[in-house]
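Working notes for the structure below.
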């Protein structure tokens with residue numbers, strides 16, 4: 001059943017070269033064609049919608065109908081999109097479809113799916129004909145608040161997550177919270193990790209609002225439509241502000257990696273797919289919080305507030321058993337290493353973080369041991 005679009009909120013990502021809108025509103029999927037036209041694409045433009053089977057079933061026809069009604073020459077490619085499918089081989093399938101359907105430099109790829117689809121479709125767009133346009137239509141909470149915004153695209157390498165990729169900003173991000181109705185509960189909970197991240201790194205009011213949620217955070221129904229709309233808008237605005245100030249992660253944007261440094265280690269060492277990305281980020285935030293407390297950067301009380309909120313979102317708080325030397329070796333392969341030094345984003349208060357590259361191997365081992373990840 002098609003929803004009637006309600007009030008639409010537009011948030012701008014004010015990049016100096018290629019600014020673009022984030023359009024948020026219930027029922028907005030049916031405005032996809034209209035919004036793409038408003039982004040400067042003319043009728044007759046070839047559009048390839050890349051999606052996965054789970055999303056294509058309930059939403060693929062609606063997206064295609066909206067694009068076709070707006071005059072676009074649109075078609076769909078359905079790919080498998082689990083984290084274990086996030087490889088150059090899957091991107092090659094998108095390239096093959098682009099060739100078969102004769103996509104040109106003025107053509108467009110639409111990523112209709114979660115973060116994995118968005119990353120792969122974005123990277124395919126960045127690398128096809130040296131770069132064609134991409135529009136992100138995220139269908140998971142995690143992608144809505146984080147992955148679809150900011151232009152990071154890429155795939156995994158056996159040695160680490162997202163080591164192969166490119167910065168390629170979308171022309172439009174369209175967020176319809178109604179599509180979360182079909183999102184599995186575990187995926188919704190995973191997305192809450194990124195929302196909590198925004199609270200810790202720069203929005204203490206958002207963090208407090210999450211703490212005060214009367215029905216909890218462990219599902220769409222529990223959160224409710226008003227808080228959901230608010231957290232989508234606040235998260236999108238927070239990321240838009242950081243990306244506009246630091247498009248290619250030269251400085252400030254690194255704070256968005258809070259929880260990701262050790263979270264990526266968890267994903268890599270346990271095998272992609274064992275933990276959802278957001279679940280691993282939640283564990284990474286717990287580890288970063290423990291390091292921050294050990295280094296005297298914030299208080300045990302604030303660390304406990306973070307732990308309680310992560311638990312309230314239904315995210316795992318028990319670390320898997322990890323070999324400490326494997327953890328340290330994996331950290332050295334992280335994209336954010338500079339001159340051999342691992343950069344950690346560490347909180348100094350709820351709403352404030354610093355970037356440190358002087359965290360010792362001993363401190364990392366101790367923090368993980370205290371969290372039960374490795375033998376003390």
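Every number here is computed from the coordinates shown, using simple stated rules; none is lab data. Bear in mind that the values here come from a model prediction, so they are computed numbers and not experimental data. Cβ placement follows ideal geometry from the backbone for every residue including glycine, while neighbour counts extend to all protein chains displayed.
If you run the Gaussian network model on the chain, springs between alpha carbon atoms under 10 Å, then out of 305, 130, 343 the most flexible one is 130. Using the rule -39500 (n - 2.57) for each DSSP H run of four or more residues, divided by the residues of the chain, the 222 nm mean residue ellipticity is -12500 deg cm²/dmol. With the contact rule set at Cα under 8 Å and sequence spacing of 6 or more, what percent relative contact order holds for the chain? Normalised by residue count, the contact order of the chain is 15 percent.
Summarising the strand pairing of segment 9-182, around 30 percent of its internal DSSP beta bridges are antiparallel.
What shape does segment 177-281 have by the C-alpha gyration tensor, where a ≥ b ≥ c are the square roots of the eigenvalues, rounded means a/c under 1.5, and otherwise prolate means a/b greater than b/c and oblate the rest? Here segment 177-281 falls in the oblate category. Take the Cα of residue 34, step 7 Å toward its Cβ, do the same at residue 369, and the gap between the two points is 6.1 nm.
Site pair residue 212 and residue 18 shows an inter-label distance of 4.0 nm when each label is modelled 7 Å from Cα along Cα→Cβ.
Once the Cβ-Cβ distance between residue 269 and residue 304 is put in as r, and R0 is 41 Å, what FRET efficiency do you end up with, to the nearest 0.05? Given R0 = 41 Å and the Cβ-Cβ separation, E is 0.95. The relative contact order of segment 1-127, computed from alpha carbon pairs under 8 Å that lie at least 6 residues apart in sequence, is 24 percent.
Extension gain for residue 42-residue 167 works out to 42.5 nm (0.36 nm per residue, less the C-alpha to C-alpha distance). Principal-axis analysis of the Cα atoms of the chain puts helix 277-294 at an angle of about 30° to the longest axis. When the Cα centres of segment 316-373 and segment 152-200 are compared, how far apart do they sit, in Å? Taking the Cα centre of each part, segment 316-373 and segment 152-200 sit 22 Å apart. If R0 equals 25 Å, the separation of the Cβ atoms of residue 105 and residue 252 corresponds to a calculated FRET efficiency of about 0.20. Please identify, among 263, 27, 251, the residue showing maximal mean-square fluctuation in a Gaussian network model of the chain using a 10 angstrom Cα cutoff. Residue with maximal mean-square fluctuation among 263, 27, 251: 251. Checking the a/c ratio against 1.5 first, then a/b against b/c, what shape does the Cα gyration tensor give for segment 9-182? Rounded shape, in that the Cα axes give a/c under 1.5. What residues of segment 265-293 lie in the reach of a label at residue 323, counting those whose backbone N is under 13 Å from a point 7 Å from the Cα along Cα→Cβ? Answer for segment 265-293: 269-270.
Against the chain, whose longest principal axis comes from its Cα atoms, helix 361-370 is set at around 90 degrees. Looking at [x] 42; [y] 56; [z] 48, which value of percent of Cα pairs over 28 Å apart comes from a calculation on the structure shown? It is the value labelled [x].
In degrees from 0 to 90, rounded to the nearest 10, what is the angle of the helix 185-202 Cα long axis to the longest principal axis of the chain? The angle comes out at about 70 degrees. DSSP assigns beta bridges within the chain; of those with both partners inside it, close to 45 percent run antiparallel.
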